[in-house]
Amino acid sequence: MDCLREIQGKQAHDPIFIEKMNTSASWRCICVPGPLIVGAGPSGLATAACLKEKGVPSVVLERSNCIASLWQLKTYDRLRLHLPKQFCELPLMGFPTDFPTYPIKQQFVDYLEAYAREFDIKPRFNETVSQAEYDATLGFWRVKSVGVNGKGTEYVCRWLVVATGENAEAVMPEMEGMGEFGGDIRHTSLYKSGEEFRGKRVLVVGCGNSGMEVCLDLCNHNARPSLVVRDTVHVLPREMLGRSTFGLSMWLLKWLPIRFVDRLLLIVTWLMLGDTARIGLDRPRLGPLELKNLSGKTPVLDVGTLANIKSGDIKVCPSIKRLKRHAVEFVNGKTENFDAIILATEKDGYPRRPFPNGWKGESGLYAVGFTKRGLLGTSMDARRIAEDIERCWKHEAK
C-alpha cells in the first residue's frame with residue numbers, strides 16, 4: 001500500500017498545506033503509512049504490539065521522555081498492582097514467572113520496557129500533541145505536535161489512536177480558601193512517600209484506591225492522616241476464600257448472575273471486614289460489580305488501610321466546606337488544623353460510547369485504555385483496534 005504517494009499527491013494540490021509550508025520555516029510534515037498512536041503507556045504499547053503482529057506499522061508519540069511516564073514519574077513509591085499479574089498482562093507477552101503475584105512499581109516498569117524491546121517499539125519522545133483534526137478533503141488526520149525545541153511537526157495519517165491514559169492529567173479541584181491555607185497542597189501525582197510528612201497532620205481528599213493507599217503509607221511513616229470521604233464506597237478485601245477477590249469474581253460470573261455474585265462478595269466482606277458504615281464508609285445501594293459495570297466506579301481493594309481506620313490512626317472526615325489558615329472547615333461545621341492536603345482526585349474524560357464499544361470512533365479514530373477496566377480492558381481494546389485496522393489495511397491494499 002503506497003499511502004505516502006497518495007497523501008503527497010493530494011497535498012500537492014492542497015492550498016492550505018502549501019501555505020503552511022511556505023509560511024513556517026520550522027514546519028515539517030511526516031506522512032505516516034499506518035496508524036499514529038498518541039501515548040507510550042501500557043495502552044499505546046499494547047496497540048503497537050498487536051498491530052506489529054499483524055504486519056501493520058505504526059508511529060508512537062509520547063510527550064514525556066520515557067515510556068509509561070505516569071508509572072515512572074507520577075506515582076508513589078509503595079505502589080504495586082492491585083490485581084494479580086495474570087489479569088494485568090499485555091497482549092502477546094506475559095510477566096516473568098519469578099515476579100510476585102502483585103508486582104511492585106519498578107517490576108511493572110521493567111516489564112513494560114522489556115515489552116517495548118520485544119516488539120521493537122521505539123516511541124518518538126518529547127513530542128506533545130497540540131491539535132488533531134480530520135481533513136475530509138484528504139481523507140486523513142492532521143496531527144500537530146511540538147517538540148522540546150519548540151519546532152512543530154504535522155503528522156498525516158489514515159488512522160489515529162488515542163492512548164493518553166485514564167489518569168494522565170492531575171485534577172486540582174477548586175476549593176474556597178485555597179490561597180489562604182498556607183500549607184502544602186499537592187496532587188497524588190506529586191506524592192512519592194510519607195517520609196517527608198513524618199509527624200505532620202495530613203488531609204487526603206478522595207477515598208479511591210490511591211487515596212486509601214496514600215493514607216496507609218502516611219501511617220507507616222508516622223504521619224497523622226485524615227481521609228475525606230465525600231461519597232459512598234465499596235471496600236473489599238484484596239483476597240477472599242484463598243483467591244484474589246477479582247479472580248474469584250471473574251470465575252463466579254461464569255456461572256452465576258452478577259447480582260448473586262455481588263451478594264456473595266458482600267457477605268464474605270462483612271464477615272472479614274465488618275460493617276464499614278460504622279467507621280464512616282457507607283456502601284452504595286448497588287453491589288460492587290453491578291456498580292462497576294454501570295458507572296465504571298472501581299471498588300477499593302483493602303491492603304491494610306481499613307485496620308488503621310478502625311484503630312483511629314486514620315480519621316474519616318466529611319466533605320470540605322472551605323480552607324482556612326492551616327485549617328479545614330468541613331460541611332458538618334467542625335474545623336481541624338492540618339499541615340498539608342493531598343488530592344487523590346480525577347476527572348472523567350472518557351469516550352461517549354459505553355463499554356465495550358468506546359474503542360472505535362469515526363473516520364479512523366480509536367481510543368484505547370478508557371474502559372475503566374484496567375489493564376485487562378486495555379488488552380481487549382488493543383486487540384480489537386488492531387483487528388479493525390488490519391481489515392482496513394488489507395482492503396485498501398487491494
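Here are some notes:
- Whichever residue in the range 103-133 is hydroxyl-bearing (Ser, Thr, Tyr) and surrounded by 17 or more Cβ atoms within 10 Å (Cβ to Cβ) and, among such residues, is farthest from residue 32 (Cα to Cα): 111
- Count of the range 190-213 residues which are open to solvent by less than 20 Å² (accessible area, probe 1.4 Å) and part of a strand (DSSP E or B): 4
- Residue in the range 69-83 that is touching a Leu at 6+ places or on another chain (Cβ under 6 Å) and within 21 Å of residue 47 (Cα to Cα) present: no
- For the range 259-297, a residue qualifies if it is more than 24 Å from residue 206 (Cα to Cα) and either among the aromatic types (Phe, Trp, Tyr) or open to solvent by 50 Å² or more (accessible area, probe 1.4 Å) (or both), and the qualifying residues are 259, 260, 263, 264, 267, 271.
- Checking 314, 279 one by one, the residue that is over 27 Å from the mean Cα position of the chain (by Cα) and either under 26 Å from residue 216 (Cα atoms) or at pLDDT 95 or above (or both) is 279 and no other.
- Number of the condition not met by residue 238 [criteria: (1) among the basic types (Lys, Arg); (2) buried (at least 19 other Cβ atoms within 10 Å of the Cβ); (3) in the same structural domain as residue 290 (by the TED database)]: (2)
- Within the range 156-186, the set of residues being modelled with pLDDT under 90, within 16 Å of residue 205 (Cα to Cα) and out of contact with any helix residue (DSSP H, G or I) (no Cβ under 9 Å at 6 or more places or on another chain) comprises 171, 173, 174, 176, 177, 178.
- When we screen 96, 91 for residues that are at pLDDT 90 or above, crowded, with 16+ Cβ neighbours inside 10 Å and assigned by the TED database to the domain that holds residue 157, the only hit is 91.
The values are calculated or read from the model by the stated rules, or taken from the named source; none is laboratory data. Remember, predicted model here, so these are calculated numbers, not experimental data. Note that we place each Cβ from the backbone using ideal geometry, even for glycine, and neighbour counts take in every protein chain shown. For the accessible areas, the whole protein counts, side chains as well, though only heavy atoms, and no ligand, DNA or RNA atoms are used. Shrake-Rupley method; radii C 1.70, N 1.55, O 1.52, S 1.80 Å.
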